Number of protein chains: 2
Amino acid sequence: MSAQSPIVDSPHTLIGFTELVALLHRVFVQHGTSPEVAAILAHNCASAERDGAHSHGIFRIPGYLSTLASGWVDGKAIPVVTDVASGFVRVDAGNGFAQPALAAARPLLVSKARSAGIALLAIHNSHHFAALWPDVEPFAEEGLVALSVVNSMTCVVPHGADRPLFGTNPIAFAAPRADGPPIVFDLATSAIAHGDVQIAARKGERLPPGMGVDSLGQPTTDPKAVLEGGALLPFGGHKGSALSMMVELLAAALTGGHFSFEFNWAEHPGARTPWTGQLLIVIDPSKTAGQSFAERSQELVRQMHAVGLRRLPGDRRHRTRAKSLGQGVEVELQALNQLRDWAN
Amino acid sequence: MSAQSPIVDSPHTLIGFTELVALLHRVFVQHGTSPEVAAILAHNCASAERDGAHSHGIFRIPGYLSTLASGWVDGKAIPVVTDVASGFVRVDAGNGFAQPALAAARPLLVSKARSAGIALLAIHNSHHFAALWPDVEPFAEEGLVALSVVNSMTCVVPHGADRPLFGTNPIAFAAPRADGPPIVFDLATSAIAHGDVQIAARKGERLPPGMGVDSLGQPTTDPKAVLEGGALLPFGGHKGSALSMMVELLAAALTGGHFSFEFNWAEHPGARTPWTGQLLIVIDPSKTAGQSFAERSQELVRQMHAVGLRRLPGDRRHRTRAKSLGQGVEVELQALNQLRDWAN
């Protein structure tokens with residue numbers, strides 16, 4: 001089970017990355033976002049598809065459209081950025097998506113990180129429905145180290161508890177290196193990402209043991225049982241659970257956003273996007289003593305390969321990206337036709 | 001297997017916390033540290049013992065004395081603090097212990113965190129041989145949120161690799177809450193802490209499966225096989241491994257310290273302390289929008305209890321601390337007599 005496994009049970013076709021972004025842009029605008037928000041979400045979603053991160057690619061579009069139609073999220077929200085302190089930026093996303101809020105605050109955040117050495121971005125009143133690595137990778141591409149956490153919606157049982165409370169609460173990290181693309185990872189603190197459970201359910205596959213429980217709290221490998229009243233477990237037992245708790249504290253308590261258990265979308269049938277918060281920490285490694293950070297991280301990569309590691313986190317995405325940018329992005333024909341319908 | 005499990009196979013006695021600190025202070029000074037360094041290490045070590053964190057309590061003293069005797073670490077080092085930027089402090093620990101370096105930089109770090117909203121402390125040229133939670137908990141006690149990572153020495157096989165490279169590379173986090181002691185966790189990114197393997201070996205116990213490999217890289221539950229040429233595995237598979245890699249990047253590459261695989265103590269028989277780096281990030285949550293952070297974190301705790309969680313991270317330590325401060329710290333009589341010998 002992997003976010004990268006291609007969906008092989010239907011005919012595929014190729015579409016240029018720029019064309020896919022333009023198509024998704026039309027889809028978002030047609031369904032109630034501003035052109036500015038559409039541009040950001042379209043690029044984000046197309047990038048996931050381009051990188052083979054299918055669980056956060058066009059697979060997510062029905063969820064976006066459903067949540068927009070429900071009135072749960074404001075697709076035209078204009079984020080309000082506050083310059084709080086020399087290392088602290090706050091954004092009220094205005095009940096809109098988190099990515100436009102990040103984009104609005106980004107220049108100030110980068111400027112503060114370069115000046116202060118470290119800076120924090122606290123996004124609240126926001127909806128995050130995408131992969132988290134696209135939020136951190138661009139910082140590493142300009143030589144910065146970035147860490148981000150976002151909380152989501154109650155679906156993970158804290159280790160030692162009986163019932164779900166935490167979200168899948170991913171942690172993403174990106175760091176530059178001298179001789180290659182940035183080192184990037186994005187990991188759900190749940191044993192499996194929610195999108196992967198949805199994909200397994202759609203493909204009729206079982207989950208590995210230890211990923212989730214059914215509606216009675218009993219262990220199950222049936223993705224449908226997890227989705228229908230069941231819940232996920234944290235990865236790595238009490239340690240993953242502690243990290244998931246940390247994500248709630250950083251992404252919600254520290255930003256002024258909702259915890260994963262605090263919002264109620266019952267009045268908005270079709271709502272899909274968690275209304276929470278997101279934290280980013282950006283560090284300027286040029287403030288470091290000694291040899292350049294990128295040379296040092298490259299040395300770590302070299303040694304990781306020397307002990308037999310064949311694939312770094314992010315390697316598969318970068319390879320798929322190169323292929324997609326060369327030949328076009330491979331998408332299901334049926335999904336592409338559906339997007340074209342939605343775009344008009 | 002737990003860091004907190006008392007050692008029950010020998011007679012115990014009680015000693016007052018202050019008396020234990022004073023005794024350990026004499027031990028450190030007698031074995032080559034300055035009084036200033038002794039004061040910090042003695043308080044740190046006694047605090048672990050007081051909290052029932054035996055694997056980082058007086059159990060560590062022979063290792064401290066051995067490493068001091070070897071000339072590997074400078075017990076009289078005077079840390080050099082550099083004010084790098086409005087959110088960035090650097091300390092050269094001068095080949096001494098990390099805790100005195102943190103203590104030397106702490107006032108500047110706290111002042112920057114309160115002013116900039118977030119601040120980073122990069123410690124390099126340092127030796128960390130203690131638990132990590134004592135480094136972060138005091139920040140939460142004064143209303144700040146703190147995160148720290150420290151790398152150690154090659155003993156963990158990266159997920160997907162054949163041979164060890166990473167250290168046990170713990171992550172510690174502390175956050176204040178309104179109605180109780182701070183929320184604190186300290187987790188090795190290895191499947192088990194090195195100190196716990198040593199304790200299991202000493203007690204003749206087996207390890208749970210999935211913790212380590214022997215010198216041939218084969219899975220083993222024998223702690224001695226892990227210690228004698230074997231290695232540990234990361235917790236939580238590829239996710240824990242990614243976090244361990246992040247710790248190498250933050251604690252070593254970003255501080256100017258050594259990676260876990262970079263130092264060579266072959267010329268110093270008896271050396272025990274990894275010569276690496278440590279990173280701390282301290283955040284002032286009063287910069288947050290809305291309700292106070294401590295009220296919000298308290299609400300998270302309330303809800304964690306409501307879903308059936310009986311014990312928070314840190315709860316057991318705090319309970320043991322209260323008991324130790326009331327009746328005295330419970331220590332092995334033999335170990336206490338040994339300390340008294342070493343103190344004179």
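The values are calculated or read from the model by the stated rules, or taken from the named source; none is laboratory data. Keep in mind the model is a prediction, meaning the values are calculated, not measured. Counting neighbours? That spans all protein chains shown, and the Cβs are built from the backbone with ideal geometry, glycine included. Areas reflect the complete protein model, heavy atoms only, side chains present, ligands, DNA and RNA absent. Shrake-Rupley method; radii C 1.70, N 1.55, O 1.52, S 1.80 Å.
A few comments on the model shown:
- Checked against the criteria, B:Gln291 does not count as surrounded by fewer than 24 Cβ atoms within 10 Å (Cβ to Cβ), in the same structural domain as B:Pro182 (by TED's automatic domain parsing) and not in a loop (DSSP other than H, G, I, E, B).
- B:Ala231 vs. criteria small (Gly, Ala, Ser), on the phi < 0 side of the Ramachandran plot and more than 19 Å from the chain's Cα centre (by Cα): yes
- Unmet criterion (only one of (1) closer than 23 Å to B:Gly328 by Cβ; (2) within 18 Å of the chain's Cα centre (by Cα); (3) among the polar types (S, T, N, Q)) for B:Thr67: (1)
- Residue match in region A:181-193 (condition: more than 14 Å from chain B (Cβ to nearest Cβ) and closer than 30 Å to A:Glu299 by Cα): yes
- Of all residues in region B:195-203, none satisfies being surrounded by 24 or more Cβ atoms within 10 Å (Cβ to Cβ) and either at pLDDT 95 or above or over 23 Å from B:Gly57 (Cβ atoms) (or both).
- B:Phe235 being within 10 Å of chain A (Cβ to nearest Cβ), open to solvent by 40 Å² or more (accessible area, probe 1.4 Å) and in contact (Cβ under 8 Å) with a residue 40 or more places away in the chain: no
- Pairs where the first residue, in region A:244-263, is facing chain B (nearest Cβ under 7 Å) and without any contact (Cβ under 8 Å) to a residue 60 or more places away in the chain and the second is outside any helix (DSSP H, G or I) and of a type in the set (A, V, I, L, M, F, W, C), C-beta under 7 Å, 6+ apart: A:Leu249/B:Ala175
- Subset of region A:44-53 (residues that are open to solvent by less than 10 Å² (accessible area, probe 1.4 Å) and in a helix (DSSP H, G or I)): A:Cys45, A:Ala46, A:Ser47, A:Ala48
- Complete set of residues in region B:55-69 that are surrounded by fewer than 23 Cβ atoms within 10 Å (Cβ to Cβ) and under 15 Å from B:Val21 (Cα atoms): B:Phe59, B:Ile61
- Residue within region B:54-73 that is touching a Gly at 6+ places or on another chain (Cβ under 9 Å), within 13 Å of chain A (Cβ to nearest Cβ) and assigned to a loop (DSSP other than H, G, I, E, B) present: no
- A:Glu330 satisfies every condition listed in (1) within 7 Å of another protein chain (Cβ to nearest Cβ); (2) modelled with pLDDT of 95 or more except (1).
- Residues being under 25 Å from the mean Cα position of the chain (by Cα) and over 15 Å from A:Pro182 (Cβ atoms) - total across region A:312-332: 10
- Residue, most open to solvent (accessible area, probe 1.4 Å), within region A:134-148, restricted to residues that are within 13 Å of chain B (Cβ to nearest Cβ) and outside any strand (DSSP E or B): A:Gly143
- For the residues A:Glu299, A:Glu228, A:Glu248, the requirement of being open to solvent by 10 Å² or more (accessible area, probe 1.4 Å) and either over 19 Å from B:Ser244 (Cα atoms) or polar (S, T, N, Q) (or both) singles out A:Glu228.
- Scope region A:80-133; condition buried (at least 24 other Cβ atoms within 10 Å of the Cβ), away from chain B (no Cβ under 14 Å) and assigned to a helix (DSSP H, G or I); matching residues: A:Ala98, A:Gln99, A:Pro100, A:Leu102
- Residue match in region A:305-313 (condition: under 16 Å from A:Phe185 (Cα atoms) and touching a strand residue (DSSP E or B) at 6+ places or on another chain (Cβ under 8 Å)): yes
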